[in-house]
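This report concerns only the one structure given below.
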Amino acid sequence: MSTSTTLNDIIPGSPAIQESTKVDDVTAMLDSIEGTVGTTRVENPKMEMREVDVFYADKQAIYDVDLDVARNEVIAMIGPSGCGKSTFLRCLNRMNDTIPICRVTGSITLDGVDINTREQDPVLLRARVGMVFQKPNPFAKSIFDNVAYGPRIHGLAANRAELDEIVISSLKRAGLYDEVKSRLDAPGTSLSGGQQQRLCIARTIAVNPEVILMDEPCSALDPIATARIEELIDELRENYAIAIVTHSMQQAARVSQRTAYFHLGKLVEVGKTNDIFTNPQHDLTENYITGRFG
Amino acid sequence: MSLNTLFLIILLLSIASYVYARRRAFVNAFGQTDNKRRHSLPAHYGYLLAMWCALPALALLISWKLIEPGIISNMLSSSAPTEVKAAGETAVGLYNNEIFYLADADSISQDLPAHKTAAIQRLQSLRTASKILLTLILSGVIGLSLLLGLRHVNREPRARVIVESFIQVFLVVCASIAILTTIGIVLSVLFESLRFFQQVGFIDFITGTSWSPQTAIRSDQVGSSGSFGAIPLFTGTLLISAIALIVAVPLGLMSAIYLAEYASSRARSTIKPLLEILAGIPTVVYGFFAALTVAPAMRSFGQSIGLSVSSESALAAGVVMGIMIIPFVSSLSDDVITAVPQSMRDASFGLGATQSETIRKVVFPAALPGIVSSVLLAASRAIGETMIVVMAAGLAAKLTANPLEAVTTVTVQIVTLLTGDQEFDSAKTLAAFALGLMLFVTTLLLNVIALYTVRRYREQYE
Ligand SMILES: Nc1ncnc2c1ncn2[C@@H]1O[C@H](COP(=O)(O)OP(=O)(O)OP(=O)(O)O)[C@@H](O)[C@H]1O
Ligand SMILES: [Mg+2]
């Protein structure tokens, strides 16, 4: 990544996460955020979100967000803890449906088709928009069965040979095959944390999705495992659109082409990663990426 | 002083020592000029002194009370009339028992022989002497241990460590009491069974197919031998338990899955207690429900489709028992299913699995060990159940696999063997112990097998 050397000089470590959560403070700050700085739209987007609001019961977590995810790009979502990044990400494959009190309004499309209509089946949607979670969560099954889980429930393989083929190629693409090829029937939970996370990525790409959502995929990993996953994300970009939530500014800078900065449920600024980190337009963005949040 | 008073005094003294030692530790610690950190909290010194005060005293009290009756009755026997002594040890024992009994009775009748009145008086004076002696020795022991304890506490020992290790010892003792009791029960049942097997062959017992324990009272009666083949009882137990499990496991498991995965939290908090009420209904109530409602209903339904259902049937008892044990399966399974981490479900949903696929392929396997143990618990409950069977399945020891006939179970036979006036050394009553032993071995085997399978399964997947 050509940007990373210059960016590392600007960003002093991870952001200071000190929320000022006095109630009048929050409302005042919320009001001060008007619209989004930068271009939220792209040519020929993979996914489009328009006027998305999310509520947990009566509490609003996302306010009127417009954002596009382009094809073959990695878009990073950054922002202070609790600002709604995960909530927003989970809208994209309707994982919020699994939370009974959660309500999503506005329109979200995948290849121009609204994903929130009654006709759209969340089950099929999640096969097209895969997700990797913050904590590696392999099933208590063998490595093989972990990867084969998705293809099996979606009937992607006609016979055992095809299934083997899918599992092996997914493991290869996730960069895990060489480490586990001799013990595919060992439990997935017996792998190291970094291997587990790559197993989860292999499991996700085994159903051949079009978009991959990643919610802080490296937060439980050491720097070496993180570097491997970042490499992997960069390779995956050739075939998939990827949206990644991260708390590490270096990581956002290294893997993403565009970056979106969220604050208290609003999308404050979005733009080319390079621009956001070298020349942020909004004060809040600047404060956050220079570690002077407050 | 009576036992209760002594206990109370020990308790009060221990509390006082706790308070005293704790205070002292406070004063010492905070009065120190260099304000060094103490190894233990003041309360630990309190506990330490309280332990010094209570433990030796309690040990003395308990052992005294264990030994006392033996010594007293020894002393009584030595002064028993010579003609009683001449009649042998059993007679002396009986004589002693009578004296003990008379001494505890409210009023002593006037027309007792003089030697008995004397013996009673002697017993009473012995008891008083024992009490006084105990009180004296106890005061001495408490005084001494308090002195030693104070010296110990003043030397600022590592009270925290000592208290911790005492807690550990205490817990081990509690655990061993449970284990020892179990061993004791097993041994007593085992010895009685051995006496039974001296009269009836072991092989005959476990392979015999006919059960009619009626032994004759007079030796010239017909059928005086009785026959003790336990197979019909075990097949009866097996049949009824199997029917009960066939009812309870699917219903319980499905309710558990509904409660854990589909029901809203409000529905869950109402339905779960409602289901658990089933376990709280007395089994007698289930029994007459089975005998008066279910069995006749089955009988008339059977007749209407041309089946002959006896008025007491394994089916009626089994079905009602199954309903009774539903909560054992549902409640425990619901807990283990709920305990499966949400991240597992998220992973499955995130791959596009439906809810039922997620439950079948991810949640259920993860919860399996817990589910198996809930089923096991329900099974042992079914095997041990007596009341419903007595009332609804009959007493006929028939070797049959037909659920429409009357059968009987091991537990029911144990009850009928032991109720009423019985000699405790006839084969008939001893058979109850042999049955109990076999039942115990069966449930134990069941548990071992299930645990073994669960462990193998787990090793495979964890
Ligand atoms: N299941 C839920 N029920 C109720 N409120 C929720 C739920 N999940 C999130 N929220 C609320 O929504 C807001 C956004 O949460 P979200 O998890 O999206 O934040 P985040 O940006 O991902 O934070 P982090 O960086 O710490 O992961 C928070 O105020 C949070 O309290
Ligand atoms: Mg989050």
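Read the figures in this text as sums done on the coordinates, not as results from a lab. The structure presented is a predicted model; accordingly, all values stated were derived computationally and were not measured. Note that each Cβ is placed from the backbone with ideal geometry, even for glycine, and that neighbours are counted across all protein chains shown.
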Review point. For chain A, which longest stretch is free of loop sites, where a loop site is one of the GluC sites (Glu not before Pro) that DSSP puts outside H, G, I, E and B and that has at most 15 other Cβ atoms within 10 Å?
Key: A:120-237
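At a Förster distance of 60 Å, what's the computed FRET efficiency of B:Lys131 paired with B:Ser311, Cβ-Cβ distance as r, to 0.05?
Efficiency computed from Cβ-Cβ geometry: 0.45.
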Practice item. Return the lysines within reach of A:Lys59: Cα separation strictly under 19 angstrom, same-chain partners fewer than 8 residues apart disregarded; answer none if there are no such residues. Key: A:Lys22, A:Lys85, A:Lys266
**Study point:** Under 30 Å from the Cα of A:Lys141 - lysines, other chains or at least 8 residues apart
**Key:** A:Lys172, A:Lys181, B:Lys361
**Study point:** Length-normalised contact order for chain A - Cα pairs under 8 Å, 6+ apart - percent
**Key:** 31
Revision key, fill the gap. Exposure proxy check on B:Lys85, B:Lys428: fewest-to-most Cβ neighbours within 10 Å is B:Lys85, B:Lys428
Revision key, fill the gap. Residue-normalised 222 nm signal for chain A, counting each DSSP H run of n ≥ 4 as -39,500 (n - 2.57), nearest 500 deg cm²/dmol, is -10500 deg cm²/dmol
Practice item. Name the helices (complete DSSP H segments) of chain B with a Cα length along the long axis of 27 Å or more and a Kyte-Doolittle mean of at least -0.5, or state none. Key: B:3-31, B:42-78, B:114-154, B:159-199, B:231-257, B:314-339, B:364-384, B:427-461
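By how many nm would the segment from B:Leu41 to B:Ser188 lengthen if fully extended, with 0.36 nm per residue of separation less the alpha-carbon distance? Intermediate results must be reported in sequence, preceding the final value.
Values: separation 147, 0.36 × 147 = 52.92 nm, distance 4.72 nm.
Between B:Leu41 and B:Ser188, full extension yields 48.2 nm more.
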**Study point:** Residue-averaged 222 nm ellipticity for chain B, from DSSP H runs of 4+ at -39500 (n - 2.57), nearest 500
**Key:** -25500 deg cm²/dmol
Point to revise | Exposure proxy ranking, count of Cβ atoms within 10 Å, fewest first, for A:Leu232, B:Leu11 | key: B:Leu11, A:Leu232
Practice item. Specify whether the C-alpha gyration tensor of the protein assembly as shown places it in the rounded, prolate or oblate class, a ≥ b ≥ c being the square roots of the eigenvalues: rounded for a/c under 1.5, otherwise prolate if a/b is larger than b/c and oblate if not. Key: oblate
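Over chain B, what is the relative contact order in percent, taking alpha-carbon pairs closer than 8 angstrom and at least six residues apart?
16
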Point to revise | Coil-residue GluC sites (Glu not before Pro) of the stretch B:329-426, DSSP, other Cβ within 10 Å capped at 11 | key: B:Glu423
Point to revise | Label-point separation in nm, A:Val42 to B:Ala86, each point 7 Å along Cα→Cβ | key: 11.7
Exercise for review: Provide the net charge surrounding A:Lys59, with neighbours chosen by a C-beta distance below 15 Å and charges set as Lys +1, Arg +1, Asp -1, Glu -1.
Suggested key: 0
**Study point:** Under 18 Å from the Cα of B:Lys131 - lysines, other chains or at least 8 residues apart
**Key:** B:Lys65
Practice item. May I ask you to derive the relative contact order of the stretch A:175-294, considering only C-alpha pairs under 8 Å and at least 6 residues apart, and to give it as an integer percent? Key: 17
